[in-house]
1. Under a point-charge model restricted to the Cβ atoms of Lys and Arg (+1) and Asp and Glu (-1), what is the dipole moment magnitude of segment 303-438 relative to its Cα centre, in debye to the nearest 20?
2. Can you give the local net charge around H109? Use residues other than it whose beta-carbon is closer than 12 angstrom to its beta-carbon, Lys and Arg +1, Asp and Glu -1.
3. Return the loop-located trypsin sites (Lys or Arg not before Pro) in segment 304-390 (DSSP other than H, G, I, E, B) with at most 12 other Cβ atoms within 10 Å of their own Cβ; answer none if there are none.
4. Apply the a/c threshold of 1.5 to the C-alpha gyration tensor of segment 207-254 and tell me whether it is rounded, prolate or oblate.
5. If you average the sequence gap of Cα pairs under 8 Å that are 6 or more apart and divide by the length of segment 190-266, what percent do you get for the contact order?
6. When the solvent-accessible surface of protein heavy atoms is calculated with a 1.4 angstrom probe, in what order do S216, S131 fall, highest first?
7. Rounding to the nearest 20 debye, state how big the charge dipole of segment 89-149 is about its Cα centre with +1 on each Lys and Arg Cβ and -1 on each Asp and Glu Cβ.
8. If the limit is 24 Å between Cα atoms, which of K165/K304; K373/K414; K265/K414 go over it?
Amino acid sequence: MASSISPKQALSFTSSAHQRHQSRAIPREFHLRFPASASLPSSRCAVKSKAAKLKVLAASAAKVMDQSPSKASPQAPTVVEVDLGNRSYQIYIGSGLLDRPDLLQKHIHGKRVLVVTNTTVAPLYLGKTISALTDGNPNVTVESVILPDGEQFKNMETLMKVFDKAIESRLDRRCTFVALGGGVIGDMCGYAAASYLRGVNFIQIPTTVMAQVDSSVGGKTGINHPLGKNMIGAFYQPQCVLIDTDTLNTLPDRELASGLAEVIKYGLIRDAEFFEWQEQNMPLLLAREPAAFTYAIKRSCENKAEVVSQDEKESGLRATLNLGHTFGHAVETGFGYGQWLHGEAVAAGMVMAVDMSRRLGWIDDSLVQRVQKILQQAKLPTSPPETMTVEMFKSIMAVDKKVADGKLRLILLKGPLGSCEFTGDYDQKALDDTLRAFSKS
């Protein structure tokens, strides 16, 4: 069963603070205590769920965190399983996993691989990924396609470059696509894999916090449309997700903060203890402390894996993972794809969802204040861009994927920390008042 940290068992260490991540010293002294046994909380969201099927299959986070990064021998990764019957797969989490060819190669079923990456990630990790796929495995040949970097390129035109490369290379149905990059690359590569020859295998190697804690897990793939974000896509599960935490060493500070929005989300909707841990350890996450980040990624993946195993196609429970996303997607679409990072838009969207929850009388002011504080600690925005208007929000939200029978359904907090509700049954005045409070009329 998964280990957990309570707020009173917070991680502490001695090191110089806030060194630049490119050359930071690894803390030599840190102490982390875990309870003898603990488990993830059952979701208290309004949608009832069956018993959790989450399995943690390898070393506990405590064991992984206690390993010294300086040891030469490779350490077993933490492994979280997404339980989907015959489509189940594993999430590997750990340092130096791209130096472990065995982890990737056992998920390659044919002899041809296409690595999909972007202009930012390719110079950093493409060579290492190709080596991991081919070392000791001469029968495998690897092609690559390098796409432009940014949300503004998550469209059909860019997607066609993946298909062009696959067809030109004469890849067959036993090939494997590998997504090497952040959420945009993962979404596009996954959708290409779902569509090419009506479906080929693919693997996720996420290199951003956003992708590692959220978008690489669960099988949501797709592209944007000018009228709405992620409106074209498919549910298509990977063969595995390989999270090498060392890739965070090259991640810009703004991208790192963006990913923390999704980490905060899990605590708000279903894992109060995790949220309380974040309140005490946000400085460590911003400082990229390895043990703290390993734990945050692990706990986030456990939360998402549990939800996906119960509601793969988002019929109810899985929708709760979209706290703040309806408002946030409106920001991304209305302000322009790529102007704000996804996590930045979601952070502002969460503040709006929390504000609406308070107006409905579903939460108290103290939780509103805690959400504001932790987002500010994470260096995330707490309001949308000034150019957003009430009419822009309404027109974009009207085509949101969660609209059913003409009614916009939202994820709102209700009750104590860690509780939420996915519903279309709310007072429209509360939504209107929230929109007016955060945007121009």
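The values are calculated or read from the model by the stated rules, or taken from the named source; none is laboratory data. No experiment lies behind these values; they were computed from the predicted model shown. Here the Cβ is made from the backbone with ideal geometry for all residues, glycine too, and neighbour counts use every protein chain on show. To get the accessible areas, we keep the full protein, side chains included, count just its heavy atoms, and leave off ligands, DNA and RNA. Shrake-Rupley method; radii C 1.70, N 1.55, O 1.52, S 1.80 Å.
1. 160
2. Once positives and negatives cancel, what remains is +4.
3. On the way: sites: K304, K313, R318, R358, R359, R370, K373, K379; in loops: K313, K379.
Loop-located and lightly packed - K313.
4. oblate
5. Answer for segment 190-266 is 38 percent.
6. From most accessible down to least: S131, S216.
7. Charge dipole, segment 89-149, about its Cα centre: 160 debye, nearest 20.
8. With Cα atoms farther than 24 Å apart: K165/K304.
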